[in-house]
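Taking it in order: structure first as structure tokens, then the write-up.
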Amino acid sequence: MRSGAGILLDGLTEQGVTTIFGYPGAAVLSIYDELCDSAIRHVLVRHEQAAAHAADGYARASGRTGVCLATSGPGACNLVTGIATAYMDSVPMVALTGQVPTTSLGLDAFQEADITGITAPITKQNYLVKRTEDLAGIVREAFSISRTGRCGPVLIDLPRDVLETRIEHDGEDRGTVTKRACRPVLRGHRVQIEKAVAALTAAERPVIYAGGGVVASGAAAEVVALAETLLIPVTTTMMGLGLIPGDHPLNLGMPGMHGTRYANTALTECDLLFAVGARFDDRVTGRIETFAPGATVVQIDIDPAEIGKNKPVDIPIVGDAKAVLAEIVGSLRKRGGHDAWLRRIAGEKRERPLRSPAGDGLHPQQIIRDLCSLLAGAGIIATEVGQNQMWTAQHYCFRRPRSWISSGGLGTMGYGLPAAMGAHFARPDETVCLVAGDGSLQMNIQELGTIAQYAIPLKILVLNNCYLGMVRQWQELFYDRRYACTDLPPVDFAKVARAYGIEGETVLAGEEVKSALSHALEHAGPYLVDFRIEREENVFPMVPPGAAINAMIDPGAG
């Protein structure tokens, strides 16, 4: 005889789960009781939202499905922001939630919430389990759906009586669940691939526009091979950072609102836009009718709903990025012929590089560059959301996929600290650094307790300007400097860290940056550095909202 909670943990073990991020409560005590005898490691966070973000960071860093666990009612509801974050960025996650007994469903019982109804729009699939006999099959199906095709979160809601009921169980699936696991198209249509090859061969000003789908597919090597075979410049979305080394001569960096001028110029002037694993997000395209206006558009995506959703497509290819690109590259021969185009782009890169401001003061751009220099582009870099995120995306030279952990589509403040914890548990031998703003950091600052408890050697770098920096920047540029509700009282973050038993220091001058970073990286445990940066430093270049991406603001440009 096996309880539902035991069957659940058997199913997690079968799926290769080694780590769960969670917070206990009455409805899931049977699961926690089983965890006492399980090889699965449970990481006790200080807030359920952090459990979801940590599972997300774990998944992004490892490529495996992250798992989080919360009790019923408020515990389950606290997962919602993290689930939505994973859904927007196509991150494989399984969220496990406790629920009141099946006999109490719909009666407004204590700590009852319709979490399957709440999360229906932000999950690939969710389940309310009503029979213990169905549990093993649901667990298998949930993991299959989460990581098949376009990845995403799946939720399993677990009533207390389903978890506590004991049944005869030998590991076989004898439930009545109808299988819904995705069966996506993996190989592209041959005729469409031939059209793409012909378009690539004929193009005079091609650009590869690659996104997070390339990272998810494990297709980074194929993108680089395509670029090098035909000498095509590559621009990567924020979610795609690291899929081509940042210092590769064909890499144009990130496009869009806070992208590089030369990436935006290339996208505006190209005659072939080869999009793979990218969804034409509005922060990339700007005013959509001005985005790649004269280009033939090839779009490769495993999700047919993304094809042509935001931008009309001439050559659509539904399939897995790795499989489709391998077939395309295998059909090509090395060629040149883009010399004038490459010279044009190289000239833009020389004339309009990303810069760190000159002069005195503590500038965040230089902090990021110094960090990159000390790590030689290695390690895993997580960020919060806002100016800190953009400065890092612009000025850190990422050289590998899955070395960048950040909330893209939802832009979730408070994501970075718990996500960095998850990245550590996924890849414990890597140096993990968090770049945070003072506003975002305070949204989940209680996770310093988790970091201290598990001695996670996270390096926390706070770009502290005592503002909600990105919001203040918009107020400066577009609201006549009317700074409503963006000025934050100063916080001594090093002192806060020490209250949790974490070492830290405060940096006030530019000449102290390298020594503080070196000290943090050499320290064996967690370490926090509070950089008191220039208060009104802005992220430039910038495309104003609603403008074309080649209409960039950059007061410091030559």
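The values are calculated or read from the model by the stated rules, or taken from the named source; none is laboratory data. Keep in mind that what you see is a predicted model, and the values were worked out from it rather than measured. No Cβ is skipped: glycine too gets one built from the backbone with ideal geometry, and neighbour counts run over all protein chains shown. For accessibility, only protein heavy atoms count, side chains too; no ligands or nucleic acids. Shrake-Rupley method; radii C 1.70, N 1.55, O 1.52, S 1.80 Å.
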Once you've got the Cα coordinates, tell me which of Lys195/Lys349; Lys195/Lys311; Lys349/Lys514; Lys459/Lys495 are over 23 Å apart.
Lys195/Lys349; Lys349/Lys514
Can you order the peptides 320-332, 538-550 by their average number of other Cβ atoms within 10 Å per residue, highest first?
320-332, 538-550
Size of the dipole of the chain about the Cα centre, Lys and Arg at +1 and Asp and Glu at -1 on the beta carbon, nothing else charged, in debye to 20?
1440
For the peptides 213-225, 24-36, what is the packing order when you average, over each peptide's residues, the other Cβ atoms within 10 Å and list the highest mean first?
213-225, 24-36
Taking the Cα centre as origin and putting +1 on Lys and Arg beta-carbons and -1 on Asp and Glu beta-carbons, what dipole magnitude results for the stretch 443-490, to the nearest 20 debye?
60
Treating cross-link reach as a plain straight distance, find the lysines whose alpha-carbon is under 23 Å from the alpha-carbon of Lys130, omitting any fewer than eight places away in the same chain.
Lys179
Enumerate the calculated ³J(HN,Hα) couplings along the stretch 208-221 in order (Karplus 6.51 cos²θ - 1.76 cosθ + 1.60, θ = phi - 60°), each rounded to whole Hz, writing x wherever the residue is Gly or Pro.
8, 10, 10, x, x, x, 5, 5, 4, 7, x, 9, 4, 4
With a 1.4 Å probe and all protein chains left in place, how much accessible area per residue does the stretch 54-191 have, in Å²?
41
Simple spin-label estimate for Thr102/Ala376, 7 Å along Cα→Cβ, in nm, reads 5.9
With a probe of 1.4 Å, find how much accessible area the stretch 410-488 has per residue, and write the answer as a whole number in Å².
35
With an 8 Å Cα cut-off and a minimum separation of 6 or more residues, compute the relative contact order for the chain in percent.
14
J(HN,Hα) series, the stretch 290-296, from Karplus relation 6.51 cos²θ - 1.76 cosθ + 1.60, nearest Hz, glycine and proline x
9, 8, 6, x, x, 9, 6
Can you list residues whose amide H is under 5 Å from Arg41's amide H, if they're 5+ apart or on another chain and H is modeled 1.01 Å from N?
Thr19, Ile20
Could you tell me what fraction of 2.2 N^0.38 Å the Cα radius of gyration of the stretch 62-166 comes to, as a two-decimal ratio?
1.02
Determine the calculated [θ] at 222 nm for the chain from helices alone, applying -39500 (n - 2.57) to every DSSP H run no shorter than 4 residues and normalising by the residue count; nearest 500 deg cm²/dmol.
-10500 deg cm²/dmol
For the stretch 3-13, in residue order, the Karplus 3J(HN,Hα) values (coefficients 6.51, -1.76, 1.60; θ = phi - 60°; whole Hz; Gly and Pro = x) are 6, x, 4, x, 4, 4, 5, 4, x, 5, 4
Quick one: which residues, 5+ away or cross-chain, put their amide H under 5 Å from the amide H of Arg187? H built at 1.01 Å from N.
Asp320
Considering only protein heavy atoms and a probe of 1.4 Å, how much of the accessible area of the chain is carbon and sulfur, as a whole percent?
52
Rolling a 1.4 Å sphere over the protein heavy atoms, what is the accessible area per residue of the stretch 227-271, to the nearest Å²?
21
For a quick protection proxy, order the peptides 370-378, 457-465 by their average other-Cβ count within 10 Å, most packed first.
457-465, 370-378
